Amino acid sequence: MRRPLVLALTLAVLALGAGVAFVLLQDSPPEPSTSPASIPPSYSAPLAQMLGTLSLRGRVLAADKSPASGVELSVSRALPGESLSLRPCGTDVDTPLSATECEDPDMLATLRDLIQAGRGDTPVVARVTTDAEGAFEVHNLPEGTVALWAVGAKGAALATEVTTGTQDVELVLEPSVVFAGRVVDEALRPVAGSKLTLFHTGHSRFFQTTSNSDGRFTLGPLPASTYGLQVDDDQLVGPCVRAISPEELEAEDIVLHRPRDIVGQVLLDEQPVANALVEVVDTRVTAETDARGRFVLEGLPPGDYVLKARHGQHQGQAETTLDEEQTEAEVTVRLGTLVRVTGSVRDTAGQPIEGATVLASSRGAVYTDTETVTGADGRFELEEATLGTHHFTVSAKGFLPTETKEVEVTHRTPAVELTMERAFVIEGVLVDAAGTPLPDITLSAMKWLRQPKGRRDGKPHDVEHGDPDAPFADGPVIDALTDDAGRFVLNLPSPGLHRLTPDVPGFLATTVEVEAPAQDVRVVMQPGARVVGTVVDLKDTPIPNVSVTLTPAGEEEPVPIFVRSDAQGAFRLEGVPPGRFTLRATFEHRGVGDATVDVTVTATETKTVTVRLDGGLSISGLVVNEAGTPLPGASVFAYPLTEPDTSRRRFVHHAPLPPPAQAQSDEQGRFTLEHLSQGRYRVDLTMAGYTLRGSDTPDVDDTQRISGVQAQAGTADLKLVVRYVGGVRGRLVREDGTPVTRFTVDDVFFRDANGAFQVSMEQPGAAWLTIEAPGLTRVVRQVEVPRGQDLDLGDVVLKAGRRLRGRVLDARTSAPVVGLEVEVNPPSAVTPRDEGSEDLDEGRPSLASVITRADGTFEFPPLEAGPLVLTLTHPDYLPRTEQVGDGGAPLELRVSSGARLEGTVKDREGRPVDTDVQVVNLLTPEDSVSVERGNGTFRVSGLPPGEYAVAPQEDTNFQGDTVRFLPQRVRLGLDERKVLHFQEMAGATTLKLSIPTRGTMMTERVALLNTYLFPGDMLLPKSMLELEQFGRKLAVQSWPYTDTTFEELTAGHYTFFFTSMNFDTRRQQVHRGEVDLPASGVVTLDVQPMWHPLESFEVAEDSESE
């Protein structure tokens, strides 16, 4: 055998290549890319880190496991403190700076700076080429781990953690990837000379090149893996992304932007503030205000930005947008819009809780969260809380999570006092059989009921809510996540025996019973067996995407381990318990019969099996338009059928209908639906802008009246003809005639050098079209789309427009209102229309919608001239509309907070009940009110003054008992706040209402319809609809659903109604009655109805016979 080529590391190689990786180029790139070797490294690695006495030996194989000769193999070694992959992501020392999981924006700025300075690379320390047997040797390597990169004509391979000294390395080539694209400016003109750095996110090796005169570049071929990309340019600002794919680069150009500025002023009490520090959040861009409070923040690309300003004890926040039509954006930062909130967290005995996490969440159309941790004295400080209503949540080890009522954050917010209830803690460690901790594992705890109670009504338990014979109820499940040391802490609401269940892939299912509270619990996971193998057809061709399951012998349900075969047909089942099993391979669409193999496994063995599955038949064909042009990108589906019912011209499906076989039409419009059984199928497709017309194939039914065509499995020439629905095309230009190159049409993004666009519609006819471009007016236009054609709009002119801006304040306190939604529309879109008149604006999108910022300000994108109507909405405030003219002065709008209602819902033992709560305005019972709820509490705000009925809905507890609540009525004044408390109905009174001849025709030809019982006084309704609305939402539920018997009532005054139909007068009618109930006993009331007619109701002619 020939000795493999050996490349020793030399000082010459270090001088040329250390610190900068080589670039592998396509055979024929548009222009040669600049070799990274010509870019001098910005650091010099110590020789001791590069040289050593160890070697690596191994082989490189092709995908078919044959030797791969002539493969270039490079060895790279990460350097501590230098390579990105060995730099921490800020304080997260376990996550590399280059990793996609490193989401800290400040760390992204660090990443950009390092790459721009030529730092962070993982240098190549050796290169060799495999011999005829695919073998290689690398010498003079230092101790540690290296990465091996293999690239050849048959593919590429990568191993990132190879220990030097290993003598049996095996690399198997897989399809390689090439990163190719184009760099352009905002006008889509090519940008030459931009430096592109592609970096591996796990190993941080750099691959660099520059864009050619056409703006194009090529990097590769490379092993398929996760790569990031940064683009640097001397004049323009480029992107830095931690994950990029070849498909993304192929689909869209890389756009470099001209740097822009944000200018503005810092104010305190509307007076300029000098020497204030202003920063752009998540960047390194800062500035200091001058004597007039002015500042300039330079070198920013278009985008959305958050600014923060500080001066002494004052701080503020503002948001702004830089778009491509602007050279700069103007913004005002008001100090005092961010405030400091203090408080403390204590237990129920008043002792401080150290290390509790406090989270304050603001309310509105957008939520902002501020988090902090308590100190040894239990105190906390939130340095940057926004003004307005906040919801406080606190969590701590050994305590139950606590959610407080809302706190109104102002400049003088009193200290927030939070109280936590101690939990019953189970803490311990999760390890494998060797004692190795298992991190990031979810472990669940469920309470054990030693003696399950029967239902209070004596009925059997509902199986959906727990088997009464089982020791564990289907009650609340508490989860915990293990840390890096495998430790877990479960904060439980009650003591007793709990079942702990870890979810650890690859290990045997394990359940541990622990009495809470408990410490030092050790949960040991035992390894299971493995079943690995390949799914192939009868010709031994691998079959991908086949479901593989294991079912214990003699049982029907498989073990909960589910896998699918990969692209090579391979599968791997881990954590298998010992025993005899039936391994079953099944196509998802169940077109072909299953294949089974009997498997017996013991202990931790690995069993290898091959599953041969009949590949079945196929249906192949062509997707074309009506002109016969093949169409790529259609999603084609095949559904198995029974014999069609030709008399009714519809298809009868098997029940239940399995998932369909699927395929995608290629560039030639061809598709193949594989793995089908004998029989007929309904073939259908989906494609944007097209509908299936039918088939031109002679032996296939023409089905223009139904979706899909029928085809026999085995058909090889099925032609699917699609009809174009219709669309809209045009060209966007500015007032000076220059094209708008970046825009959206109906939320579809376009970047076109000529401003051209074409969008397909879902159906022909009238439709609304929305056109948006950054910095230009938003156009909302109604169009009439012709069937099967494009409506040509020609040149659509987008104007600079006017910028409507303003500020929203609380009408009572003058504090800024944060998170309020402001929507703008033309007056015609919000003007009430006469009944029966045609509404041409029906379904019209709004012109724009924005959210108020931390200082209560808002700014719309450019709007066309003319009168407009603003609609203001916020959950804590009454809605408001405001008409504005053409003026350009900033607006000041004030909103009233409205009334607030909050409360608790508990069962008879005082436990919280998390159920829906209905809040109904008695003047408008048809309107629903949005109610926030959670953990047995509810809250609703922004209510207009008036009388309301509040009703928690019937629910079921974990023992299967029905939990019911008595509705309450409350009157709210303007800005008034009230608290209601609901406890499960547990009264001792039963009311039985008796009325003559219920359910039969009465002498007056009257039929009884419904019975309603309301707590308190309820006036006679105006209509049957109003009574039904009150009844559905607020009436006491009858029990056990007899309509006229009501149990577990408390003492008090009640109103009841009977409704009926009078067939002589053809009118609905109602009887109203009142009753006072004692604290206990059975009250039977014989009712002699006095009917009052309600709104007329037409009775069908055959009603009497019914």
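Every number in this text was worked out from the coordinates using simple rules, so none of it is lab data. All figures in this text were calculated on a predicted structure; none of them were measured in a lab. Every residue, glycine as well, gets a Cβ built from its backbone with ideal geometry; the counts of neighbours run over all protein chains shown.
In the chain, the DSSP beta bridges split such that about 80 percent are antiparallel, to the nearest 5.
I'd like the FRET efficiency for ALA570 and ALA756, computed as 1/(1 + (r/R0)^6) with the beta carbon distance as r and R0 of 60 Å, rounded to 0.05. For ALA570 and ALA756, the calculated efficiency is 0.80. By the beta carbon rule, with partners counted only under 4.7 Å, the chain holds these lone Cys residues: CYS240.
Would you calculate the separation in nanometres between label points at LEU359 and ALA376, each defined as 7 Å from the Cα along the Cα-to-beta-carbon direction? Simple spin-label model gives 2.9 nm for this pair. Each residue in LEU497, LEU613 was given a count of other beta-carbon atoms within 10 angstrom of its own, and listing them fewest first yields LEU497, LEU613. Segment 387-428 and segment 747-802 have Cα centres lying 50 Å from one another.
Projecting the Cα atoms of THR283, GLN265, VAL237 onto the charge dipole of segment 235-304 (Cβ charges, centred on the Cα centre) puts GLN265 farthest toward the positive pole. For the chain, find the longest principal axis of its Cα atoms and tell me its angle to the long axis of helix 1024-1034, 0 to 90°, nearest 10. For helix 1024-1034, the angle is close to 60 degrees. The GluC sites (Glu not before Pro) of segment 345-414 that meet both conditions, a loop assignment by DSSP and at most 16 other Cβ atoms within 10 Å of the site Cβ, are GLU354.
Can you sort SER176, SER994 so the residue with the fewest Cβ neighbours within 10 Å comes first?
Values: SER176 19, SER994 11.
If I rank by nearby Cβ atoms, fewest first, I get SER994, SER176.
Other residues within the sphere of radius under 11 Å centred on the Cβ of PHE1014, judged by their own Cβ, net out at +1 (K and R +1, D and E -1).
Ranking GLY428, LEU322, SER225 by Cα position along the charge dipole of the chain, where only Lys, Arg, Asp and Glu carry charges on their C-beta atoms, puts GLY428 farthest toward the positive end. Sorted largest first, the principal axis extents computed over the alpha-carbon atoms of segment 260-334 equal 34, 21, 16 Å. Only lysines eight or more places from LYS1022 in sequence, or on another chain, were considered; those with a Cα closer than 27 Å are LYS992, LYS1033. Net charge dipole, segment 727-797: roughly 80 debye, given to the nearest 20, about the Cα centre with Cβ charges of +1 for Lys and Arg and -1 for Asp and Glu.
Please state the charge dipole magnitude for segment 303-352, taken about the Cα centre, from unit charges on C-beta atoms (+1 on K and R, -1 on D and E), reported in debye and rounded to the nearest 20. Can you show the working numbers first?
Values: 5 positive and 8 negative charges, 145 e Å.
Computed charge dipole of segment 303-352: roughly 700 debye.
To the nearest ten degrees, helix 105-116 and the longest principal axis of the Cα atoms of the chain are 20 degrees apart. Start at zero, step by 20 Å, and the Cα-Cα distances of the chain spread as 9, 25, 40, 22, 3, 0 percent across the bins. Of the residues GLN953, VAL597, GLY903, the one whose Cα sits farthest toward the positive end of the charge dipole of the chain, with +1 on the Cβ of Lys and Arg and -1 on the Cβ of Asp and Glu, is VAL597. In a simple Cβ point-charge model (Lys, Arg +1; Asp, Glu -1; nothing else charged), the chain has a dipole of about 1060 debye relative to its Cα centre. Near LEU791, once Lys and Arg are set to +1 and Asp and Glu to -1 for all other residues with Cβ below 9 Å from its Cβ, the sum equals -2. Under a Cβ-Cβ cut-off of 15 Å, what is the net charge of the residues other than GLU252 that fall near it, where Lys and Arg count +1 and Asp and Glu count -1? Within the 15 Å Cβ shell, the charges total -3. Where only DSSP H runs of four or more residues are counted, the chain gives -1000 deg cm²/dmol as its mean residue ellipticity at 222 nm, each run worth -39500 (n - 2.57).
Ellipsoid semi-axes for segment 529-612, based on the Cα gyration tensor and the rule √(5λ), read 20, 14, 11 Å when sorted largest first.
Per residue, the convex hull spanned by the Cα atoms of segment 988-1096 measures out at 89 cubic angstrom. DSSP bridge analysis restricted to segment 727-797 gives an antiparallel fraction near 75%, rounded to the nearest 5.
Taking only C-alpha pairs under 8 Å that are 6+ residues apart, what is the relative contact order of the chain in percent? Kindly include the intermediate steps, with their values, before the conclusion.
Details: 2921 pairs, mean separation 57.3, N = 1106.
Across the chain, relative contact order equals 5 percent.
Here the gap between SER814 and SER994, fully extended at 0.36 nm per residue and compared with their Cα-Cα distance, gives a gain of 58.9 nm.
For the residues GLU735, GLU864, what sequence is obtained by ranking on other C-beta atoms within 10 Å, fewest first? It would help to have the intermediate numbers written out before the result.
Numbers: GLU735 10, GLU864 15.
The most exposed by this proxy come first: GLU735, GLU864.
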